[in-house]
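The values are calculated or read from the model by the stated rules, or taken from the named source; none is laboratory data. All values reported here derive from a predicted model rather than from experimental measurement. Every residue, glycine among them, receives a Cβ derived from its backbone with ideal geometry; neighbour counts consider all protein chains shown. Just so you know, the surface numbers come from the protein's heavy atoms only, side chains and all, with ligands and any DNA or RNA stripped out. Shrake-Rupley method; radii C 1.70, N 1.55, O 1.52, S 1.80 Å.
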Amino acid sequence: MPENDVLQGLNPKQVEAVRYMGGPLLILAGAGSGKTTVLTRRVAYLISQGVPPGSILAITFTNKAAKELKTRIEAFLGERASGVWAMTFHSACARILRAELPGLGRSGRFTIMDSDDQVKLMRKVLKELDLSDKQYPPSGVLKAISRAKDNLMGPREYAKRAVTFYETKVHQAYELYQRKLRELDGMDFDDLIMETVMMFRSNPQVLAKYQRKFAHILVDEYQDTNRAQYELTKLLAAAHRNIAVVGDDDQSIYTFRGADISNILEFEDDYPECRVVKLEQNYRSTQVILDGAFHVVSNNIRRKDKRLWTVQEGGAPITLYAAQSGEDEARFVAGEIDNLASQVPLSSIAILYRTNAQSRIYEDALRNRGIPYSVLSGRRFYDRKHIKDAACYLRLVVNPRDVVAFERIVNEPARGLGPAAVRKIVGHAAVSGIDLVQALSSAKDIKGLTGPQKREAEKLGNTISGIALKALEQPAHIMLKDVLEMTGYLPYLEAQGTTELERIDDLRELIVSARVFAEAGGTTQEFVELLALVSDQDTYDETKDACVMGTLHSAKGLEFDVVFLVGMEEGLLPHIRSMDDEYQLEEERRLLYVGMTRAKRLLYLTFSWSREMSMGLGRSTVSRFISEIPRELLDVKTWED
């Protein structure tokens, strides 16, 4: 393919990034600067210069990104592109391990365990170690093990760093978990990368083989790499040093998944001879939006110097709306969307927030106006499993004969009351002419239940009946709070630590909803009916043009004509768990930067001076990040306008 065809339509900096052949290359690709185009054209350019396709390794983070890269390369090169290794870290490592392990005395026919397989295996591990899965939730233990593997720490290395009693138990679980994986000839996702790195380290001849094979390495989203991924690419590039990484430190927002921003910030320390190319021309947003985003993120100390610009001069100012209350903020957003619906497709309008729990109030406002919506990377608030569980607990308090609600929550959290036990309890209620809660309370009379099952059933029945006795005296939010705490549902989630924080936030938001409903004069029975109505999906058509809702994390990589960034308050953005840590505060600022640069034409920032909380109305403080945006870029509106 002629060089001119490969370079056609590229700006000067993109051309520089595509053509550079002199060793290490750091491409700092700002939001909307065409990084996928550059990656694609660079692969095509290498092949046009005589580089064999099979000697190119292009690594992405997701299968979707890998597929897009392959499709674009094939559009340029046709069959010549088939030899390129364009794939995810995990796919590349699985392919290498399957090819090399047999020669090292191990099977290459291992099974890759998915998340459900991992949880099932961990339950067996915990049972064998006589550890309660309530004190040591499988998902929490697996997360700790995953973080260890991200940092290339096997069970032995983890043991050296284990300080707390919990960590010593995690070490025991880690050791047994790995042993069982070997017995099953299995690997989890984290093993794929860690095992490849360990194999390369201990087998120089195998490493040398792949160093020779991959003459050119390209890594997408380099700011999101963890320690294991960093070591893998560094080992592969050590001989020829033809490594090109593409990323944006200003969009590094996945520390909680193990991403290490220092990998991109210190790339020049690893490769002092590297060329740095900055892609600063933006093809997405107006200059006003780009300037606002820059003034926010430029307050971070740990960042590369760069500033996005566009040929689109000016643009509408950023709307800043100061609401009187959370409900007022949601009504304003829904009203603006209603007005905009005649100008742009609903699917090009997004409401973005810091945590999933914030979605409820905006969902309610959209539904009240009849505006269809969809949720990014997750279920709508009232469709989430834990919200449905909570609703069913409340349903059973109100109606102890509700068999659907009973069957949903009787073993949530796990009480040893499986399907067979449930059938016996339901059968006993039918034969005895009593309701299901009474059947639970009289479980000692049910034949076929074990001693522990009888005790758990009686405990649950007595708890629910005790709460039901107060039904006429207590409002919905108090009953909901009591039932979630006294049945062990909330304590179970809290025991799992950071892995379940979002679910806990969701349930607290549901309690807020119940309190607002009760203060407006609604009864518990009416609140239960409301939950049933809003979670009914029969009237929702997913094929309709719909407004998009999602967290800031879920929106990365997307773009919309109009973006509403809501809840711009201290404690929400920046999040309360990040406010006392300098590094985490910088990540919160990057998260806002990502959100702002999703907008193409119009950007709204909204906050409320007061917000409903689980125990009452609370005073809010506007986010510190708002003061970092120059006043001349803002069009300030309030509820009084």
Exercise for review: Given the conditions (1) part of a loop (DSSP other than H, G, I, E, B); (2) open to solvent by 50 Å² or more (accessible area, probe 1.4 Å), report the number of the one that Val404 does not fulfil.
Suggested key: (1)
Review point. If you go through segment 105-144 one residue at a time, how many are polar (S, T, N, Q), over 24 Å from the mean Cα position of the chain (by Cα) and under 13 Å from Leu184 (Cα atoms)?
Key: 2
Review point. Quick one: would you say Lys209 is in a helix (DSSP H, G or I), of a type in the set (D, E, K, R) and under 20 Å from Leu121 (Cα atoms)?
Key: no
Exercise for review: State whether one or more residues within segment 609-621 are open to solvent by 10 Å² or more (accessible area, probe 1.4 Å), among the small types (Gly, Ala, Ser), over 24 Å from Ile261 (Cα atoms) and out of contact with any Ser or Thr (no Cβ under 9 Å at 6 or more places or on another chain).
Suggested key: yes
Exercise for review: Please specify each residue of segment 1-41 satisfying the condition of being closer than 21 Å to Val84 by Cβ and of a type in the set (Asp, Glu).
Suggested key: Glu3, Asp5
**Study point:** Criterion violated by Lys447 - all others in (1) under 24 Å from Ala391 (Cα atoms); (2) modelled with pLDDT under 90 satisfied
**Key:** (1)
Practice item. Please state which of the following conditions Tyr593 fails to meet, knowing it meets all the rest: (1) of a type outside the set (Lys, Arg); (2) in a helix (DSSP H, G or I); (3) out of contact with any Asp or Glu (no Cβ under 8 Å at 6 or more places or on another chain). Key: (3)
Practice item. Those residues that are farther than 11 Å from Pro53 by Cβ and open to solvent by less than 30 Å² (accessible area, probe 1.4 Å), I need them from segment 66-83; list them, please. Key: Ala66, Leu69
Exercise for review: Would you check which residues across segment 95-117 are surrounded by 16 or more Cβ atoms within 10 Å (Cβ to Cβ), at pLDDT 90 or above and either among the hydrophobic types (A, V, I, L, M, F, W, C) or assigned to a strand (DSSP E or B) (or both) and list them?
Suggested key: Ile96, Leu97, Leu101
Review point. Within segment 171-206, which residues are farther than 22 Å from Asp130 by Cβ, of a type in the set (A, V, I, L, M), open to solvent by less than 30 Å² (accessible area, probe 1.4 Å) and not in a strand (DSSP E or B)?
Key: Leu192, Ile193, Met194, Val197, Met199, Val206
**Study point:** Qualifying position, being part of a loop (DSSP other than H, G, I, E, B), modelled with pLDDT of 90 or more and out of contact with any Leu (no Cβ under 7 Å at 6 or more places or on another chain), among Gly314, Gly335, Gly370
**Key:** Gly370
Review point. Conditions: (1) touching a residue at least 40 places away in the same chain (Cβ under 8 Å); (2) in a loop (DSSP other than H, G, I, E, B). Ile27 meets all but one. Number of the miss?
Key: (2)
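Yes/no matrix, rows are residues, columns are (1) over 30 Å from Glu336 (Cα atoms); (2) surrounded by fewer than 18 Cβ atoms within 10 Å (Cβ to Cβ):
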{"site": "Glu221", "(1), (2)": "yes, no"}
{"site": "Asn226", "(1), (2)": "yes, no"}
{"site": "Ala238", "(1), (2)": "yes, yes"}
{"site": "Tyr254", "(1), (2)": "yes, no"}
{"site": "Leu308", "(1), (2)": "no, no"}
